[in-house]
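These notes concern the structure reproduced below.
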Amino acid sequence: CAYFSIREYVTVVSYEQRQSYHNDFNAEYDKYRKLRAHLHSITRRFTELGTKLKLFCPGSKECQVKKYKTVKTVSSLSYPF
């Protein structure tokens with residue numbers, strides 16, 4: 001579950017404990033930034049594809065081709081790390 005309760009965390013009472021939390025955060029932060037950038041690029045691609053798709057008349061051959069290419073693009077997306 002993605003829901004976190006503040007009650008699950010204990011009060012930081014020592015420098016060592018703080019440093020441990022800090023190190024854990026830093027160890028994962030770069031991975032988070034890469035994942036966030038990857039998701040942003042995917043979102044941007046969907047936005048671009050959606051804009052292009054709106055330019056075609058619904059039911060036209062061009063629209064059907066664009067939809068097919070969109071589905072093919074989406075199915076080729078993968079997690080890069």
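The values are calculated or read from the model by the stated rules, or taken from the named source; none is laboratory data. As the structure is a computational prediction, the values presented were derived from the model and not from experiment. Here the Cβ is made from the backbone with ideal geometry for all residues, glycine too, and neighbour counts use every protein chain on show. With ligands, DNA and RNA removed, areas are computed over all heavy atoms of the protein, side chains included. Shrake-Rupley method; radii C 1.70, N 1.55, O 1.52, S 1.80 Å.
Within segment 62-76, one or more residues are at pLDDT below 75, surrounded by fewer than 11 Cβ atoms within 10 Å (Cβ to Cβ) and not aliphatic (A, V, I, L, M).
The rows are residues; the columns are (1) closer than 30 Å to Thr11 by Cα; (2) within 14 Å of the chain's Cα centre (by Cα); (3) of a type in the set (Val, Ile, Thr).
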{"position": "Asp24", "(1), (2), (3)": "yes, no, no"}
{"position": "Leu55", "(1), (2), (3)": "no, no, no"}
{"position": "Thr73", "(1), (2), (3)": "no, no, yes"}
{"position": "Ser76", "(1), (2), (3)": "no, no, no"}
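Within segment 49-61, if we keep just the residues that are open to solvent by 90 Å² or more (accessible area, probe 1.4 Å) and in a helix (DSSP H, G or I), the residue that is modelled with the highest pLDDT turns out to be Lys61. Residue-level analysis places Thr43 outside the set of residues that are within 22 Å of the chain's Cα centre (by Cα), β-branched (Val, Ile, Thr) and modelled with pLDDT under 80. Within segment 27-54, being of a type in the set (A, V, I, L, M, F, W, C) and closer than 12 Å to Thr70 by Cβ holds for Phe46, Leu49, Leu53.
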